[in-house]
Amino acid sequence: MYAIEIQNLMKSFSSDVLAIDHLNLTIPEDRIYALLGPNGAGKTTTLSILTTLLLPTSGAAQVMGFDVVRQAAQVRENIGVTFQEIVLDPDLTGREVLDIHGRLYKMPTRQRQERIIEMVKLVELDEAIDRLVKTYSGGMKRRLELVRGLMTHPKVLFLDEPTQGLDPHNRAKIWDYIHELRRQTGLTIMLTTHYMEEAEALADGVGIIDHGKLVADSTPQALVTQLGADVVHIVGHGSPQPFLQALQQLPYIQEIHQSDDEGIHLQVGVDNGNRRLPEIIHLASRNGSQNGSQDEFMIDEISVARPSLGDVFLKLTGRALRDR
């Protein structure tokens with residue numbers, strides 16, 4: 001059984017704003033799936049439909065076999081959600097936040113109390129749970145929101161930018177809690193994130209969405225492997241065409257991708273970056289001097305790295321990793 005199924009899903013907010021464009025996706029149970037994309041690509045809209053907060057324009061989606069439109073109540077019984085923006089009453093204690101949430105779902109008193117103890121221990125909020133939320137740090141608030149989403153024993157947990165605004169230490173702690181949750185419960189987790197390293201650290205599967213369309217759907221490793229053994233990153237200015245044409249003739253070049261995000265960015269997949277770097281630099285210099293015009297291509301920066309999910313993202317969306 002799939003935890004999430006999406007068929008030909010579309011969402012438009014006006015005649016000229018198409019947020020989701022014929023989206024198809026299946027996510028099996030007991031998986032962590034990361035949905036990546038630039039700002040405005042359709043990630044949060046997709047989550048809003050799956051969590052019954054928005055109605056689709058057309059198409060269909062099911063969560064744990066329940067249709068998000070026709071069986072919205074059953075969907076809500078099976079999911080937990082944490083939102084991109086922190087939504088907590090600052091004048092309540094952490095325990096009161098969780099208790100009220102349990103009451104809304106009609107959890108019996110004893111079950112609520114036991115669940116609060118269990119979940120608070122998991123995210124290490126024992127000493128702070130009876131303090132007012134307004135005294136919590138950003139990391140503590142995120143952990144409290146994570147616990148709130150888990151109070152009702154959901155089968156699917158949706159996390160919209162779960163570590164946004166956190167420092168690296170707190171972000172790593174949230175990752176640990178998510179791994180532990182999946183290990184203990186077999187929970188299916190779907191998250192959106194702008195942090196490529198977060199998707200690589202957490203996800204079994206990754207989808208990259210751009211302009212409302214799914215442009216990639218695979219495991220992180222499979223997506224990265226497509227780029228080659230090493231990636232040479234080149235940033236420059238001018239006309240790169242003679243240089244690109246010369247590169248394409250070399251037998252060890254596995255893939256070339258160009259984007260024009262604040263200058264010309266080239267990703268060159270090669271078999272061995274350190275060994276091939278001198279020849280690539282020489283080739284750029286030779287083709288620039290042969291061109292002899294003012295718009296000849298000049299290298300400003302060059303580096304070699306193992307390919308990453310960020311490189312895949314840049315290749316498929318033409319945008320850098322930062323939120324734009």
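Quick note: the coordinates plus some simple rules give every number you see, no bench work behind them. Computed from a prediction, not measured in an experiment: that's the story for all the values here. With ideal geometry, Cβ positions are generated from the backbone for all residues, glycine too; neighbour counts draw on all protein chains shown.
Structural remarks
- Most fluctuating residue given options GLU96, GLU301, GLU180, as computed from a GNM of the chain linking Cα atoms under 10 Å: GLU301
- Structure-based [θ]222 nm, the chain - -39500 (n - 2.57) summed over DSSP H runs of at least 4, per residue, nearest 500: -11000 deg cm²/dmol
- Of ARG182, ARG286, ARG76, the residue with the greatest mean-square motion in the GNM of the chain, using alpha carbon springs below 10 Å, is ARG286.
- In order along the stretch 2-16, the phi-based Karplus estimate (6.51 cos²θ - 1.76 cosθ + 1.60, θ = phi - 60°) of 3J(HN,Hα) comes to 7, 6, 9, 10, 10, 10, 6, 6, 9, 9, 10, 9, 6, 4, 10 Hz; Gly and Pro are listed as x.
- Value of relative contact order over the chain, rounded to a whole percent, pairs C-alpha under 8 Å and six or more apart: 19 percent
- Alpha-carbon centroids, the stretch 60-88 and the stretch 219-288: separation in whole Å: 44 Å
- Per-residue extension of 0.36 nm, minus the Cα-Cα distance of THR225 and SER15, leaves a gain of 71.7 nm for this segment.
- Residue among ILE117, ILE189, ILE20 with the largest mean-square fluctuation in a Gaussian network model of the chain, springs linking Cα atoms under 10 Å: ILE117
- Close amide-amide hydrogen proximity is noted between LEU36 and GLY207, ILE208, ILE209, each under 5 Å apart and 5 or more residues distant or on a separate chain (H modeled in the peptide plane; Pro and chain starts excluded).
- Taking the number of Cβ atoms within 10 Å of each Cβ as an exposure proxy, the fewest-first ranking of ASP130, ASP99 is ASP130, ASP99.
- Both radii come from the Cα set of the stretch 1-112: Rg as radius of gyration, Rh as Kirkwood radius; their ratio Rg/Rh reads 1.02.
- At full extension, HIS233 and GLU29 could sit 69.7 nm farther apart than now, given 0.36 nm per residue minus the alpha carbon distance.
- Model label zone, GLU118; criterion: amide N under 17 Å from point 7 Å along Cα-to-beta-carbon; scope the stretch 184-204: 184-188
- Amide H partners (placed H, <5 Å) of ILE264, local residues excluded: GLY236
- Candidate values (i) 38, 26, 23; (ii) 44, 22, 17; (iii) 25, 24, 21, label of the one derived for semi-axes √(5λ) of the Cα gyration tensor in Å: (ii)
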